[in-house]
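Worksheet: the structure to be examined is printed underneath.
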Amino acid sequence: MGEVYTADLDQLIRNYDKLAQLSQNQRYNILQSALSLAEFDETSDMMAQLDTSFLETLYIDSFITAYKADLQSLRQYIESRNAAINKIVITNTISIYFYSRSLKRGQAQQAAVAQMRDFQEFITHSEMIKSKITPQQLANLRKNREFKELKHQIWKVNHDEPYQDQEGGDQNGDDEEDIVLSSQSVNIICPLTKKPFEHPVKSSVCGHMFSRDAIYSMFRNNAQTQCPQIGCSKAFSKSQLERSVDMESTVKRELRKRSRSQKDPDNITDLS
Amino acid sequence: MSDLALSRLAEERKSWRKDHPIGFFARPQAGADGVANMMIWDCGIPGKDGTPWEGGLYPLTLKFPKEYPVKAPLCLLPPGFFHVNVFDNGQICLSIIGDGWKPTISIKQICLGVQDLLDNPNPNSPANSSAYDSFKKNKAAYTEKVKQQAKKFPPQES
Ligand SMILES: [Zn+2]
């Protein structure tokens with residue numbers, strides 16, 4: 001019996017990972033929309049709507065994280081079999097829902113899993129969750145690091161001066177530091193193509209960044225490649241290359257700045 | 001032919017034009033039809049002042065393989081060049097364009113690397129026995145030979 005349970009739970013835990021991924025993708029899409037919107041009108045009402053959608057995904061994330069943690073502890077609990085299963089304390093409602101459901105149905109846990117696989121169900125739940133979000137919770141979420149990053153990136157579209165955090169926020173200065181670092185002038189040239197990054201990817205092994213196609217051509221038929229950065233002795237595989245969303249928007253912003261200052265005599269294209 | 005090789009070489013050319021070390025030149029070879037061959041470059045490497053190499057502008061040819069920048073260019077000085085690390089056919093034995101090649105190394109860095117090698121030969125990997133013997137056993141004769149060679153490669157219009 002225990003084995004069946006843990007297998008189901010593993011499936012549920014994996015589903016939560018997928019949900020977290022979906023939620024992250026959603027934030028990425030919101031970021032992209034916000035960046036495009038900022039090019040036209042950074043003060044539009046739609047921007048405020050995007051802000052709220054972003055905050056809502058963060059809110060849902062906190063549930064996903066909590067459910068997953070509950071499931072993991074439930075799993076640990078079942079494995080240890082130290083007490084009767086129905087005495088376990090589960091703190092949030094949806095876990096209880098699935099948990100009681102699988103208890104009631106006995107052999108029918110698979111059905112619960114199948115339903116959970118259907119993200120539609122979660123989306124319905126997220127609507128429920130979203131409808132319960134209070135203005136205070138929303139205000140608190142504005143202090144979230146990811147949200148600040150979003151606001152900062154949008155700011156960079158139209159401003160050269162440093163971003164002023166209008167959300168108020170914390171005194172410890174950590175976020176402050178992030179912002180100062182990323183507003184410094186950044187090298188947007190790929191060391192392989194010697195051109196601005198196209199589809200920048202970052203090696204998770206050493207942090208070096210390259211244009212995707214250029215670094216892919218380094219692999220040829222090998223699983224791994226030496227890092228081409230001068231002075232770096234690390235090797236990595238394709239799966240250790242991560243898309244760098246941050247660099248993507250930095251490149252966009254820098255190129256936009258450059259095209260604005262095209263009349264600048266320092267910026268002549270060479271004709272010789 | 002690889003797009004990466006050609007587009008990278010075009011960028012190398014741009015960046016060289018924008019900024020390059022004084023006294024050097026580097027440009028794609030003009031083909032018979034007058035069209036530049038991006039895969040072969042002619043460069044000029046000046047000997048450093050205050051060394052016996054001073055006064056010479058040494059012709060360096062870079063031959064880029066189609067796998068460039070994954071593979072290093074073949075770097076050639078004139079055949080019979082007198083240097084400890086240069087083979088008879090002119091091929092240069094230098095780590096940054098050999099085992100130590102990195103696809104991020106620029107043409108400018110190659111040129112500076114070759115200039116540096118001129119007066120800083122690496123006796124641990126000799127490629128030219130007469131230069132090596134003379135360098136080891138008779139420094140005065142070696143220096144004289146280097147100075148004579150410098151005269152054979154006067155700076156040209158670039
Ligand atoms: Zn690296």
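The values are calculated or read from the model by the stated rules, or taken from the named source; none is laboratory data. These figures come from a predicted structure and were not determined experimentally. So basically every Cβ, Gly included, is an ideal-geometry build from the backbone, and we count neighbours across all protein chains shown. Accessible surface is based on the protein model in full, side chains and every heavy atom, while ligands, DNA and RNA are left aside. Shrake-Rupley method; radii C 1.70, N 1.55, O 1.52, S 1.80 Å.
Numbers at a glance
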| read-out | value |
| --- | --- |
| Number of positions in the stretch B:1-23 that are out of contact with any strand residue (DSSP E or B) (no Cβ under 6 Å at 6 or more places or on another chain) and within 30 Å of B:Q148 (Cβ to Cβ) | 3 |
| Residue match in the stretch A:23-42 (condition: touching a Lys or Arg at 6+ places or on another chain (Cβ under 9 Å) and modelled with pLDDT under 75) | yes |
| So B:G44, is it closer than 21 Å to B:N124 by Cβ, in contact with a strand residue (DSSP E or B) (Cβ under 7 Å, 6 or more places away or on another chain), surrounded by 14 or more Cβ atoms within 10 Å (Cβ to Cβ) and not hydrophobic (A, V, I, L, M, F, W, C) | no |
| Which numbered condition B:A140 fails, given (1) among the small types (G, A, S); (2) open to solvent by 40 Å² or more (accessible area, probe 1.4 Å); (3) touching a Leu at 6+ places or on another chain (Cβ under 8 Å) | (3) |
| Residue in the stretch B:92-107 that is assigned to a loop (DSSP other than H, G, I, E, B), within 14 Å of chain A (Cβ to nearest Cβ) and under 17 Å from B:I22 (Cα atoms) present | yes |
| Filter result (modelled with pLDDT under 80 and open to solvent by 50 Å² or more (accessible area, probe 1.4 Å)) within the stretch A:1-15 | A:M1, A:E3, A:V4, A:A7 |
| Count of the stretch A:218-263 residues which are more than 20 Å from the chain's Cα centre (by Cα), outside any helix (DSSP H, G or I) and among the basic types (K, R) | 3 |
| In the stretch A:210-246, residue farthest from A:L31 (Cα to Cα) [restricted to those that are open to solvent by 40 Å² or more (accessible area, probe 1.4 Å), more than 9 Å from every other protein chain (Cβ to nearest Cβ) and within 12 Å of the ligand (Cβ to nearest atom)] | A:S233 |
| Members of the stretch A:16-54 that are among the aliphatic types (A, V, I, L, M), open to solvent by 60 Å² or more (accessible area, probe 1.4 Å) and either without any contact (Cβ under 8 Å) to a residue 40 or more places away in the chain or not in a helix (DSSP H, G or I) (or both) | A:M46 |
